[in-house]
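The values are calculated or read from the model by the stated rules, or taken from the named source; none is laboratory data. In this text, all values refer to a predicted model and were calculated from it rather than measured experimentally. Using ideal geometry, Cβ is built from the backbone for each residue, glycine included, and neighbour counts are taken over all protein chains shown. Note: accessible area is taken over every heavy atom of the protein model, side chains too, but ligands, DNA and RNA are not part of it. Shrake-Rupley method; radii C 1.70, N 1.55, O 1.52, S 1.80 Å.
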Amino acid sequence: MTQPDLHLFTASTMNGWKPVIFLEEAGLDYKLTAIDFARKEQKAPDYLKINPNGRIPALIDRSNDDFAVFESGAILWYLAEKYGQFLAQDPKERSETLQWLMFQMAGVGPMMGQAMFFQRIAAPNGHEEPYSIQRYVDESHRLLEVLDNRLEGREFLVGDTYSIADIATYPWARAWPWAQVDIDGLDHLKAWLKRIDNRPAVQKALTIPKPVPAFWGDIDDTEFAAENAARFRS
Ligand SMILES: N[C@@H](CCC(=O)N[C@@H](CS)C(=O)NCC(=O)O)C(=O)O
């Protein structure tokens, strides 16, 4: 049996869902390897050859000399270029799409990620840092307000069409309850979230891969390296 060209390594997280949403929306065939954080598979030496940052997601394109792509925004951009979808050809619209993609990658993701970390991981593990929580929750709220303003009178972040800017931003924006960011009054953002919630490909993507029961377990990397290596080479 022939293998699909695309091999995605991911997990059920905000960054991990982005390429899955793209692939499901575009109806592309792909092979998926679910990375188990509890087993620290993302730190296995063979995985680090694909993503030197030791995080998910990562993509290998078998039809392009096994070209590897890491960073979720770069993966979306690569797929959009390769398949001519979700990124406009018009230079201004294309630039705007990349601006909002960068805004997500540099702002919304990192700030909401830290808001979640300090509340959901640091605090329950004895590191209660109220100043940090306040800082990241406030900054996340400010960024969601920027999105809300942008979405006034618009269906999607750029132009009239759904793009990689929406695909990148949606999994983070919908995570406002986990980051404890209040979105009361951000009605344009809420309407946009609902529009994207209703897309069948998005609904399917959010179930892929199946969520793993534990995250960031305290497990020695080396124990699983050999087993992981076999999976990543196949
Ligand atoms: N900027 C990176 C961030 C990737 C990232 O932080 N991934 C998280 C999951 S959302 C991860 O792999 N965490 C596991 C770890 O840090 O070991 C991207 O967008 O791809």
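If the condition is being open to solvent by less than 40 Å² (accessible area, probe 1.4 Å), in contact with a Ser or Thr (Cβ under 8 Å, 6 or more places away or on another chain) and within 12 Å of the ligand (Cβ to nearest atom), then the range 11-37 contributes Gly16, Trp17, Lys18, Pro19, Ile35.
No other residue among Glu152, Glu145, Glu139 is modelled with pLDDT of 95 or more, more than 15 Å from the ligand (Cβ to nearest atom) and in contact with a His (Cβ under 7 Å, 6 or more places away or on another chain) apart from Glu152. Scan the range 152-174 for residues that are open to solvent by less than 10 Å² (accessible area, probe 1.4 Å) and closer than 21 Å to Gln203 by Cβ and jot them down. Leu157, Ser163, Ile164, Ala165, Asp166, Ile167, Ala168, Thr169, Tyr170, Pro171, Ala173, listed by residue number.
Does at least one position in the range 38-55 carry a residue that is within 14 Å of the chain's Cα centre (by Cα) and surrounded by 15 or more Cβ atoms within 10 Å (Cβ to Cβ)? Checking the range 38-55: at least one residue is within 14 Å of the chain's Cα centre (by Cα) and surrounded by 15 or more Cβ atoms within 10 Å (Cβ to Cβ). So is Lys40 more than 9 Å from the ligand (Cβ to nearest atom) and touching a residue at least 12 places away in the same chain (Cβ under 8 Å) or not? No, not satisfied.
Has the range 109-125 got any residue that is without any contact (Cβ under 8 Å) to a residue 24 or more places away in the chain and within 23 Å of Leu157 (Cα to Cα)? Checked against the condition, which is being without any contact (Cβ under 8 Å) to a residue 24 or more places away in the chain and within 23 Å of Leu157 (Cα to Cα), the range 109-125 yields at least one hit. From the set of residues in the range 79-103 that are aromatic (Phe, Trp, Tyr) and crowded, with 19+ Cβ neighbours inside 10 Å, which is farthest from the ligand (Cβ to nearest atom)? Top of the filtered list is Phe86. Out of Asp197, Asp166, I need the residue that is within 15 Å of the chain's Cα centre (by Cα) and not hydroxyl-bearing (Ser, Thr, Tyr). Which one? Going through Asp197, Asp166 in turn, just one is within 15 Å of the chain's Cα centre (by Cα) and not hydroxyl-bearing (Ser, Thr, Tyr): Asp166. Residues that are more than 10 Å from the ligand (Cβ to nearest atom), closer than 15 Å to Leu32 by Cα and touching a residue at least 24 places away in the same chain (Cβ under 8 Å) within the range 62-78 comprise just one, Arg62.
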